Amino acid sequence: MKSKLLIAFVGVLVCTGALAQSNNNVPATPSFAISGFATVAADGLSGTTGGGSIAPIIVHNTKEFQTAAERLDIKNKQARDYTPRVILVANDINLGELANQKGGTVLKKVGVVRVRPNTTIYSAGNGATISRGTIEIHGASNIILRNLRFRDLWEFDPTGKYDKLGWDYVRITNAGQTHSHHVWVDHCDFGKVYDGQCDIVHGSDCITVSWCHFAGDERGPHKKSMLIGHSSNASNFERDGGRLNVSLHHNWWENIDDRAPRARLGNIHCWDNYIDGAKYATISVTKCVTLVENCFYRDALIATSFSHAKDSVSREHAGTICIVGSKNENPRVSHDAATADEKLEQENNFKSNVTREKLQFNPPTDFKWDNHNELPYQYTADPVNAVPALVEKFAGTGKLGL
């Protein structure tokens, strides 16, 4: 059993410059190998390996989980960042027991665990549940999260804005001048949360999110799923510019309001994602370049946009959207536009503002990328009509056969 678990998490596919390979036959069991920006050699790493092939530390409760992830068992603080670790989560974990994050009106105790570099965290079978807290990648690199379920970090906000509490399930961010990079989030399941289900901000780079499930619940749609790039302020251009290179593939969003994803400044490659039910789905603004390839949208009000809210064309905060081989099925009927920005948004819904031949990604800061018209890695895109069934079957926890 141990060898099977280790094999599932070892191995990195390091790829260089190519467009998608054609794939007309959907495999019965897809490849779940790492791909996308997390495989790119950058910032001193050749790719994302997490804790590598070492034997896992098995954790059963919240304290064990925090100790293993933050290396609290290692007295030398400098050594904590250079000690690789594979963590197998054997039981559900209630991070609220830590009570080290600001609580709310209903959830009084909320916790956060800050993962050290060179770490793999995963669970076997149908996946352990992480509740009432945040896994934060805080200026750390070479992190893998797989087969984890996130729940119970939401409470009703009567304002409807959900901006009072910064509760995210997974937050990839900086620590001072140190940005996070090389992170792979795979086969995780994200339930309703107060703020972001998986946010990638503050100059984080070389990120892949794959085969994950993001959803609301019986209480209603989840409001804000994924934010890439925390702000459009000019002061953030220096930190975020050339970073926020993110790949999103084979993810399933359902019953959400917004952000699948909403992205600023970076380069976002979306392929084979399935978005079923959203007011605002894939939003690319503030000089962000987003390639939407073989993605399937259903029941969306605005499937894609390059002008949105405060990050609008009128404010000179437009982004770039290039749509290739994607589908927008049964779109919601738009109401009469109340503003010029809203009218522009509706008129350009699910429309590219650059052709694929002329698409140029933003030049990166921390790695070499010779041809900005192509992706700096190889990948295989499944046919768009196969995406709903494929993603529904294989996205989320319990699909890795561990």
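The values are calculated or read from the model by the stated rules, or taken from the named source; none is laboratory data. Model, not experiment: these values are computed from the prediction. Note that we place each Cβ from the backbone using ideal geometry, even for glycine, and neighbour counts take in every protein chain shown.
When you scan region 87-105, do you find a residue that is closer than 24 Å to THR48 by Cα, of a type in the set (S, T, N, Q) and out of contact with any Cys (no Cβ under 7 Å at 6 or more places or on another chain), even just one? Before you say what the answer is, go through the steps one by one.
Taking region 87-105 and keeping what is closer than 24 Å to THR48 by Cα, we get 87-90.
Among the residues that remain, those that are also of a type in the set (S, T, N, Q) are: none.
Checking region 87-105: not a single residue is closer than 24 Å to THR48 by Cα, of a type in the set (S, T, N, Q) and out of contact with any Cys (no Cβ under 7 Å at 6 or more places or on another chain).
From ALA124, ALA140, ALA99, which residue is of a type in the set (Gly, Ala, Ser), touching a Ser or Thr at 6+ places or on another chain (Cβ under 6 Å) and at pLDDT 95 or above? Let's see the steps before the verdict.
Numbers: ALA124 fails: touching a Ser or Thr at 6+ places or on another chain (Cβ under 6 Å); ALA99 fails: touching a Ser or Thr at 6+ places or on another chain (Cβ under 6 Å).
Just one listed residue meets the conditions, ALA140.
Restricting attention to region 161-185, report how many residues are more than 16 Å from the chain's Cα centre (by Cα), under 13 Å from GLU136 (Cβ atoms) and without any contact (Cβ under 8 Å) to a residue 40 or more places away in the chain.
Adding up the residues that qualify gives 1.
Regarding ALA140, is this residue of a type outside the set (Lys, Arg) and surrounded by 23 or more Cβ atoms within 10 Å (Cβ to Cβ)? It would help to see each step written out before you state the result.
Numbers: of a type outside the set (Lys, Arg): yes; surrounded by 23 or more Cβ atoms within 10 Å (Cβ to Cβ): yes.
Here the answer is yes, as ALA140 does meet what is asked.
I want to confirm something. Restricting to region 300-329 and keeping residues that are in a strand (DSSP E or B) and acidic (Asp, Glu), which single residue is farthest from the chain's Cα centre (by Cα)? Before you say what the answer is, go through the steps one by one.
The first filter runs over region 300-329 and keeps only residues in a strand (DSSP E or B), leaving 300-305, 308, 311, 318, 320-324, 327-329.
Filter once more, keeping what is acidic (Asp, Glu): 311, 329.
Details: ASP311: 20, GLU329: 24 Å.
The selected residue is GLU329.
Given the conditions (1) more than 25 Å from GLN378 (Cβ to Cβ); (2) at pLDDT 95 or above; (3) of a type outside the set (Phe, Trp, Tyr), report the number of the one that GLY241 does not fulfil.
Every condition holds for GLY241 apart from (2).
Within region 278-305, restricting attention to residues that are over 23 Å from PRO221 (Cβ atoms) and not charged (D, E, K, R), which residue is modelled with the lowest pLDDT?
First, pick out the residues of region 278-305 that are over 23 Å from PRO221 (Cβ atoms): 286-289, 291, 293-294.
Filter once more, keeping what is not charged (D, E, K, R): 286, 288-289, 291, 294.
Working: THR286: 94, CYS288: 97, VAL289: 98, LEU291: 98, ASN294: 98.
Once the filter is applied, the top-ranked residue is THR286.
Between residues in region 225-238 that are without any contact (Cβ under 8 Å) to a residue 60 or more places away in the chain and part of a helix (DSSP H, G or I) and residues that are of a type in the set (A, V, I, L, M) and crowded, with 24+ Cβ neighbours inside 10 Å, which pairs lie under 9 Å by C-beta distance while being six or more apart or on different chains?
ASN236/LEU265; PHE237/LEU265
Go through region 184-206 and count every residue that is of a type in the set (A, V, I, L, M) and either over 15 Å from ILE144 (Cα atoms) or in contact with a Ser or Thr (Cβ under 7 Å, 6 or more places away or on another chain) (or both). Don't jump to the end; show me each part of the working.
Residues of region 184-206 of a type in the set (A, V, I, L, M): 185, 193, 200-201.
Filter once more, so that each one left must be either over 15 Å from ILE144 (Cα atoms) or in contact with a Ser or Thr (Cβ under 7 Å, 6 or more places away or on another chain) (or both): 193, 201.
Adding up the residues that qualify gives 2.
Can we say ASP336 is surrounded by fewer than 23 Cβ atoms within 10 Å (Cβ to Cβ), over 25 Å from ALA215 (Cα atoms) and among the charged types (D, E, K, R)? Walk me through how you get there before you give the answer.
Working: surrounded by fewer than 23 Cβ atoms within 10 Å (Cβ to Cβ): yes; over 25 Å from ALA215 (Cα atoms): yes; among the charged types (D, E, K, R): yes.
Yes.
Within the set of pairs 6 or more residues apart or between chains, which connect a residue that is free of Cβ contacts under 8 Å to residues at least 40 places away in the same chain inside region 327-349 to a residue that is assigned to a helix (DSSP H, G or I) and hydroxyl-bearing (Ser, Thr, Tyr) with Cβ atoms less than 6 Å apart?
Sorted first by the residue in region 327-349, then by its partner, the pairs are ASP341/SER314.
Residue check: is ASP272 free of Cβ contacts under 8 Å to residues at least 40 places away in the same chain and either in contact with a Cys (Cβ under 7 Å, 6 or more places away or on another chain) or not basic (Lys, Arg) (or both)? Steps first, please.
Numbers: free of Cβ contacts under 8 Å to residues at least 40 places away in the same chain: no; either in contact with a Cys (Cβ under 7 Å, 6 or more places away or on another chain) or not basic (Lys, Arg) (or both): yes.
No: the conditions fail for ASP272.
From the list THR129, THR134, THR120, THR105, which residue is in contact (Cβ under 8 Å) with a residue 40 or more places away in the chain and in a strand (DSSP E or B)? Walk me through it before giving the result.
Numbers: THR129 fails: in contact (Cβ under 8 Å) with a residue 40 or more places away in the chain; THR134 fails: in contact (Cβ under 8 Å) with a residue 40 or more places away in the chain; THR105 fails: in a strand (DSSP E or B).
From the options THR129, THR134, THR120, THR105, the qualifying one is THR120.
Among the numbered criteria (1) touching a Lys or Arg at 6+ places or on another chain (Cβ under 9 Å); (2) farther than 19 Å from HIS269 by Cβ; (3) not in a loop (DSSP other than H, G, I, E, B), which one does TYR297 miss?
(2)
Report every pair of residues separated by at least 6 positions or lying on different chains whose Cβ atoms are under 6 Å apart, first residue within region 53-68 and more than 13 Å from ARG85 (Cα to Cα), second among the polar types (S, T, N, Q).
Hits for this filter: HIS60/ASN91; THR62/ASN94.
Here is a yes/no grid of residues against (1) farther than 24 Å from HIS202 by Cβ; (2) crowded, with 24+ Cβ neighbours inside 10 Å:
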residue	(1), (2)
LEU248	no, yes
ASP258	no, no
ARG264	no, yes
ARG298	yes, no
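Which one is nearest to ASP195 (Cα to Cα), of the residues in region 70-121 that are among the polar types (S, T, N, Q) and out of contact with any strand residue (DSSP E or B) (no Cβ under 8 Å at 6 or more places or on another chain)? Lay out the reasoning, then the answer.
Filtering region 70-121 for residues among the polar types (S, T, N, Q) gives 76, 78, 83, 91, 94, 100-101, 105, 118-120.
Those still in the list that are out of contact with any strand residue (DSSP E or B) (no Cβ under 8 Å at 6 or more places or on another chain) too: 76, 78, 83, 105.
On the way: ASN76: 35, GLN78: 32, THR83: 32, THR105: 15 Å.
The residue in question is THR105.
Hey, does region 213-220 have a residue that's surrounded by 24 or more Cβ atoms within 10 Å (Cβ to Cβ), without any contact (Cβ under 8 Å) to a residue 60 or more places away in the chain and touching a strand residue (DSSP E or B) at 6+ places or on another chain (Cβ under 6 Å)?
Within region 213-220, one or more residues are surrounded by 24 or more Cβ atoms within 10 Å (Cβ to Cβ), without any contact (Cβ under 8 Å) to a residue 60 or more places away in the chain and touching a strand residue (DSSP E or B) at 6+ places or on another chain (Cβ under 6 Å).
Would you call ILE283 under 13 Å from LEU227 (Cα atoms) and either hydrophobic (A, V, I, L, M, F, W, C) or crowded, with 24+ Cβ neighbours inside 10 Å (or both)? Show your work before the answer.
Values: under 13 Å from LEU227 (Cα atoms): yes; either hydrophobic (A, V, I, L, M, F, W, C) or crowded, with 24+ Cβ neighbours inside 10 Å (or both): yes.
Here the answer is yes, as ILE283 does meet what is asked.
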